[in-house]
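Engineer: This is the structure, below, for whatever I ask next.
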Amino acid sequence: MDQLPIYFNLTDRWVAVLGGGVAAARKAELATRAGARVKVFADRLCEEFDQLGPYARLTHVPREPRTEDLEECALLYCAAEDPAQNRKARSLARAAHIPCNVVDSPELCDFTMPSIVDRSPVVIAISTAGASPILGRMIKARLETLLPAAYGRVAAFVGRHRRKVGSKLENLDRRRRFWEQVLEGPVVDLVLAGRQAEAIAEFDTQLDAAAHGAEYRQQGEVYLVGAGPGDPDLLTFKALRLMQRADVVLYDRLIGEGILNLVRRDAERIYVGKLPQEHTLPQLEISRMLLRLAQEGKRVLRLKGGDPFVFGRGGEEIELLAQAGVPFQVVPGITAAAGCAAYAGIPLTHRDHAQACIFVTGHTKNGQIDVDWKALLQPRQTVAVYMGLAHLAELTRAFIDNGADPDLPAAVIDNGTRLNQRVLTGTIETIAKLAADAGLQGPTILIIGSVVRLHDKLNWYERGEGMGTAGASAAADPTAPRSLSAAESAISDRVGPP
């Protein structure tokens, strides 16, 4: 270990900063966030200092620092543009016996500044001892994907209840086991969800059980999570966290291996996917299974493609849970229209083409196409049709029969956001034959409107900028291996329960 990592208490202490530029402003910001009072020595301050806000305890001193200025300070940051000015101030810090950091000069530093993951009061510092700050920032980015922003609330919750636990559980080993139970159970989920009153009630229930030597039975819960259109990098942080906590997962056919591999490795997996006209499980049976598993005390992940509340039947699946009083969380995902259109370079709205966008499904409960044609056939509007591949010829003919211009641009996006994505463009009159000739299997989404004309110009993903060289070749070969995304590689090393 080349350096000693420490956390410095700067509350109400003075910190000196030399320089008025952006680097100096960043150091002043860090110090004020840590509770310090800051003196900035510079002729002028850049606009970055104005963004520190009216509550930053900052004093501007329009001259260079003197030894007596530094004697009351806890530390000094040297961030002047003139290296000679920085070296002079460093000598003053040595004379005042305070530590000094010189920006971009590790050989002159008494301490270096780490990359910081801030989940106050949880703070993680990553240091490379000044050897490679960029590597430190890359490691920080990986950690940011693993730690929800609300983890600070968890630490604060634990801090507020430590004394209560100590008074009821005097044995150190019992306290340790209790905290492990709390931090791996539903209390944390409730805190992260912002349900403080329920978290306290659940915590007290568990503490009373532990104090009386009773075995605690975990309450079950269901996580209804939208997995997005296919690319694992489009998952939300919250989705990743709950995927790692679940005891059992029910997943659809639209969930690819890249996403399913991010689920906790020892979780039970149950396939409940559906193909057109071929349902593995009826919808009611899926809802009953969710209810039964949750009532057994399990944390149940219902993983759905896209967004669960946009033609995903998510509302139907949790109605039974709501009636039975089983707790559940809903995590939205990027819906297919937004994700696939973006990866196809087709903006759903554009000032020169469309000021509105409407989502419809080509697959209804009774299997019939039943839409409000007047609402769909409006000028300067984009129409996104979900699940329309099986009836594409019938659907496009119905558009024309109800007054749509046969030359209106249309696109079918097959396996959108995935490495084997394909985009076919044509018109409402031609798109069905193009799709049939290409042998598309889905999942697909149909985009209708003049915004489709932008595809050739804005097609960043299939052109290679998004997919890269490996991705472009994989588009032609869906079975080709690919490297893990940042989210996947960060999670895949975790084995077993979180």
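The values are calculated or read from the model by the stated rules, or taken from the named source; none is laboratory data. All of these numbers come straight from a predicted model, not from anything done at the bench. Positions of Cβ are backbone-derived with ideal geometry, glycine not excepted, and every protein chain shown enters the neighbour counts.
Engineer: Could you name every one of the helices (runs of 4 or more DSSP H) located completely within segment 324-407 that has at least 1 residues being in the same structural domain as L434 (by TED's automatic domain parsing) and modelled with pLDDT under 90?
Structural biologist: 373-376
Engineer: A further question on this structure: Among the candidates K27, K39, single out the residue that is of a type in the set (K, R) and under 29 Å from the mean Cα position of the chain (by Cα).
Structural biologist: K27
Engineer: Quick one: which residue in V187, V225, V191, V182 is touching a Pro at 6+ places or on another chain (Cβ under 8 Å) and either crowded, with 22+ Cβ neighbours inside 10 Å or not assigned by TED's automatic domain parsing to the domain that holds S287 (or both)?
Structural biologist: V225
Engineer: I need the full set of residues from segment 316-337 which are aliphatic (A, V, I, L, M) and either touching a strand residue (DSSP E or B) at 6+ places or on another chain (Cβ under 6 Å) or without any contact (Cβ under 8 Å) to a residue 24 or more places away in the chain (or both), in order please.
Structural biologist: Taking segment 316-337 and keeping what is aliphatic (A, V, I, L, M), we get 318, 320-322, 324, 326, 330-331, 334, 336-337.
Once the filter is applied, which keeps residues that are aliphatic (A, V, I, L, M) and either touching a strand residue (DSSP E or B) at 6+ places or on another chain (Cβ under 6 Å) or without any contact (Cβ under 8 Å) to a residue 24 or more places away in the chain (or both), segment 316-337 yields I318, L321, A322, V330, V331, I334, A336, A337.
Engineer: Hand me the list of strands (runs of 3 or more DSSP E) wholly inside segment 181-277 holding 2 or more residues that are modelled with pLDDT of 90 or more and either touching a helix residue (DSSP H, G or I) at 6+ places or on another chain (Cβ under 7 Å) or among the hydrophobic types (A, V, I, L, M, F, W, C) (or both). Break it down into steps so the answer makes sense when it comes.
Structural biologist: Details: elements: 221-226, 248-251, 268-271.
Those strands (runs of 3 or more DSSP E) span 221-226, 248-251.
Engineer: Can you name the number of the only condition in (1) modelled with pLDDT under 90; (2) part of a helix (DSSP H, G or I) that D104 fails?
Structural biologist: Here D104 meets the rest and fails (2).
Engineer: Still on this structure, I have one more. Anything in segment 326-348 that is within 16 Å of L224 (Cβ to Cβ) and surrounded by fewer than 22 Cβ atoms within 10 Å (Cβ to Cβ)? List them, or say none.
Structural biologist: Of everything in segment 326-348, those that are within 16 Å of L224 (Cβ to Cβ) and surrounded by fewer than 22 Cβ atoms within 10 Å (Cβ to Cβ) turn out to be V326, P327, F328, Q329, V330, P332.
Engineer: Test of understanding: among L446, L434, which residue is under 28 Å from I255 (Cα atoms), assigned to a helix (DSSP H, G or I) and either at pLDDT 95 or above or not assigned by TED's automatic domain parsing to the domain that holds H353 (or both)?
Structural biologist: The match here is L434.
Engineer: Hey, another quick one. Could you check segment 24-96 for strands (runs of 3 or more DSSP E) lying wholly inside it with 1 or more residues that are of a type in the set (A, V, I, L, M) and closer than 17 Å to C109 by Cα?
Structural biologist: 73-78
Engineer: Scan segment 1-48 residue by residue and report those that are among the aromatic types (F, W, Y) and within 24 Å of E68 (Cβ to Cβ).
Structural biologist: Restricting attention to segment 1-48, the residues satisfying the condition of being among the aromatic types (F, W, Y) are 7-8, 14, 41.
Selection gives F8, W14, F41.
Engineer: Just a yes or no: is a residue in segment 155-163 outside the structural domain of D104 (by TED's automatic domain parsing), closer than 30 Å to L291 by Cα and crowded, with 16+ Cβ neighbours inside 10 Å?
Structural biologist: Yes - at least one qualifying residue is present in segment 155-163.
Engineer: Still on this structure, I have one more. Under 6 Å between Cβ atoms, which residue pairs at least 6 apart in sequence (or on different chains) link something in segment 51-62 that is touching a residue at least 24 places away in the same chain (Cβ under 8 Å) with a partner that is surrounded by 13 or more Cβ atoms within 10 Å (Cβ to Cβ) and of a type in the set (S, T, N, Q)?
Structural biologist: A56/T32
Engineer: Can you pull out every residue in segment 91-102 that is farther than 20 Å from I6 by Cβ and either of a type in the set (D, E) or surrounded by 15 or more Cβ atoms within 10 Å (Cβ to Cβ) (or both)?
Structural biologist: Across segment 91-102, the qualifying residue is only L92.
Engineer: Still on this structure: List the pairs whose first member sits in segment 409-423 and is not assigned by TED's automatic domain parsing to the domain that holds D437, whose second member is surrounded by fewer than 23 Cβ atoms within 10 Å (Cβ to Cβ), and whose Cβ atoms are under 6 Å apart, counting only residues at least 6 apart or on separate chains?
Structural biologist: Close Cβ pairs satisfying both conditions: none exist.
Engineer: All but one of (1) under 17 Å from T349 (Cα atoms); (2) surrounded by fewer than 21 Cβ atoms within 10 Å (Cβ to Cβ) hold for A410, so report the exception by its number.
Structural biologist: Single failed check for A410: (2).
Engineer: Tell me which of these Q355 doesn't satisfy, since it passes every other one: (1) within 30 Å of the chain's Cα centre (by Cα); (2) surrounded by 15 or more Cβ atoms within 10 Å (Cβ to Cβ); (3) not acidic (D, E).
Structural biologist: (2)
Engineer: While we're on this one: Going through segment 408-427 one residue at a time, which ones are in a loop (DSSP other than H, G, I, E, B) and either polar (S, T, N, Q) or over 29 Å from G333 (Cα atoms) (or both)?
Structural biologist: Result: L408, N415, T417, N420, Q421.
Engineer: Name the one entry in A410, A398, A393 that is of a type in the set (G, A, S) and under 35 Å from the mean Cα position of the chain (by Cα).
Structural biologist: The unique qualifying residue is A410.
Engineer: Now, a different point. Within segment 27-56, how many residues are basic (K, R), surrounded by fewer than 16 Cβ atoms within 10 Å (Cβ to Cβ) and more than 16 Å from F8 (Cα to Cα)? Show your work before the answer.
Structural biologist: The initial filter retains those residues of segment 27-56 that are basic (K, R), namely 27, 33, 37, 39, 44.
Right, trim to surrounded by fewer than 16 Cβ atoms within 10 Å (Cβ to Cβ) and you get 33, 44.
Cutting the leftovers down to more than 16 Å from F8 (Cα to Cα) gives us 44.
The number of residues fulfilling the criteria is 1.
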